[in-house]
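Peer 1: This is the structure, below, for whatever I ask next.
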Amino acid sequence: MIGRLNHVAIAVPDLEAAADQYRNALGAKVGAPQDEHDHGVTVVFIELPNTKIELLYPLGENSPIQGFLEKNPAGGIHHICYEVDDILQARDHLLETGARVLGTGEPKTGAHGKPVLFLHPKDFNGCLVELEQV
Ligand code: CO
């Protein structure tokens, strides 16, 4: 059911330092910071040949990244995103298997303007999983 790895999202305590590190030390193609007000994050997209990395930094109050960074002050992998062809079909299948979908269960528009859902990390080996319809 799942297809390509769309991105790995890493929460970072210092967005500029992390972007500089990916640009200079790792030699990656690093984009400009983008504020995603609907998601409470500022994102830097890093294009790799086979996938993307997203550096996440808290934006505004009640950012979902804030609590994560309090528990992981050095930063850490926040979620991984897999592509699916049909997000509603994927959701219904996952619910049948007993997996929990976060929020209302209805897809939201993600950082790339496509429908996304998040799956409970406790159901996926401690890893928050995002599904994105492509
Ligand atoms: Co994501």
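Peer 1: In vacuum, with every alpha carbon of region 14-134 counted as one equal point scatterer, what does the Debye formula give for log10 I(q)/I(0) at q = 0.19, 0.20 Å⁻¹? Two decimals, please.
Peer 2: Evaluating at q = 0.19, 0.20 Å⁻¹ gives log10 I(q)/I(0) of -1.16, -1.25.
Peer 1: Just to confirm the number: angle between the C-alpha axis of helix 87-96 and the first principal axis of the chain, 0 to 90 degrees, nearest 10?
Peer 2: Long axis of 87-96 versus the principal axis of the chain: about 60 degrees.
Peer 1: Pop out the ³J(HN,Hα) list for region 117-134 in order, Karplus 6.51 cos²θ - 1.76 cosθ + 1.60 with θ = phi - 60°, rounded to Hz; leave Gly and Pro as x.
Peer 2: Taking θ as phi minus 60°, the curve returns 9, 10, 10, 4, x, 5, 8, 9, 6, x, 10, 5, 10, 9, 10, 10, 7, 10 Hz for region 117-134.
Peer 1: Distance between the C-alpha centers of region 54-117 and region 20-52? Whole Å please.
Peer 2: Going from one Cα centre to the other spans 17 Å.
Peer 1: While we're here: Apply the Karplus curve 6.51 cos²θ - 1.76 cosθ + 1.60, θ = phi - 60°, to the phi angles in region 22-29 and return the couplings in whole Hz, x for Gly and Pro.
Peer 2: 5, 6, 8, 6, 9, x, 9, 7
Peer 1: If you don't mind, another one. For region 21-98, state which GluC sites (Glu not before Pro) are in a DSSP loop and have at most 12 other beta carbons lying within 10 Å of their beta carbon.
Peer 2: Details: sites: 36, 47, 54, 61, 70, 83, 96; in loops: 61.
Answer in residue order: 61.
Peer 1: Compute the accessible area per residue over region 5-133, keeping the other protein chains in place, probe 1.4 Å, unit Å². If you can, show how the numbers build up before the last one.
Peer 2: Values: 7260 Å² over 129 residues.
Ligands and nucleic acids excluded, the result is 56 Å² per residue.
Peer 1: May I ask you to give the percent of accessible area on the chain that is carbon plus sulfur, with a probe radius of 1.4 Å?
Peer 2: Numbers: 3910 of 7750 Å².
The C+S portion of the solvent-accessible surface of the chain is 51 percent.
Peer 1: Next up: Rounded to whole Hz and in sequence order, give me ³J(HN,Hα) for region 53-67 from the Karplus expression 6.51 cos²θ - 1.76 cosθ + 1.60, θ = phi - 60°, writing x for Gly and Pro.
Peer 2: The phi angles translate into 10, 10, 8, 10, 9, x, 10, x, 7, 6, 5, x, 7, 4, x Hz.
Peer 1: Report the net charge of residues surrounding residue 31, where surrounding means a beta-carbon distance below 15 angstrom and charges are Lys +1, Arg +1, Asp -1, Glu -1. Could you put the intermediate results ahead of the total?
Peer 2: Numbers: positive: 23, 29, 52; negative: 16, 20, 35, 36, 47, 54.
Local charge sum for residue 31: -3.
Peer 1: Right, here's the next one. Counting alpha carbon pairs within less than 8 Å and at least 6 residues apart, what relative contact order, in whole percent, applies to the chain? Write down the numbers at each step before the final one.
Peer 2: On the way: 266 pairs, mean separation 33.4, N = 134.
That works out to 25 percent.
Peer 1: Still on this model: What fraction of the DSSP beta bridges in the chain is antiparallel, stated in percent and rounded to the nearest 5?
Peer 2: Numbers: 25 of 35 bridges.
Percent antiparallel among DSSP bridges in the chain is about 70.
Peer 1: With no solvent and one equal point scatterer per Cα, compute the Debye intensity ratio I(q)/I(0) for region 70-134 at 0.21, 0.25 Å⁻¹ and report its log10, rounded to two decimals.
Peer 2: So the normalised log intensities work out to -0.85, -1.11.
The values are calculated or read from the model by the stated rules, or taken from the named source; none is laboratory data. Everything quoted here is computed from the prediction, not taken from an experiment. A quick note on method: Cβ atoms are made from the backbone with ideal geometry, for glycine too, and the neighbour counts reach across all protein chains shown. With ligands, DNA and RNA removed, areas are computed over all heavy atoms of the protein, side chains included. Shrake-Rupley method; radii C 1.70, N 1.55, O 1.52, S 1.80 Å.
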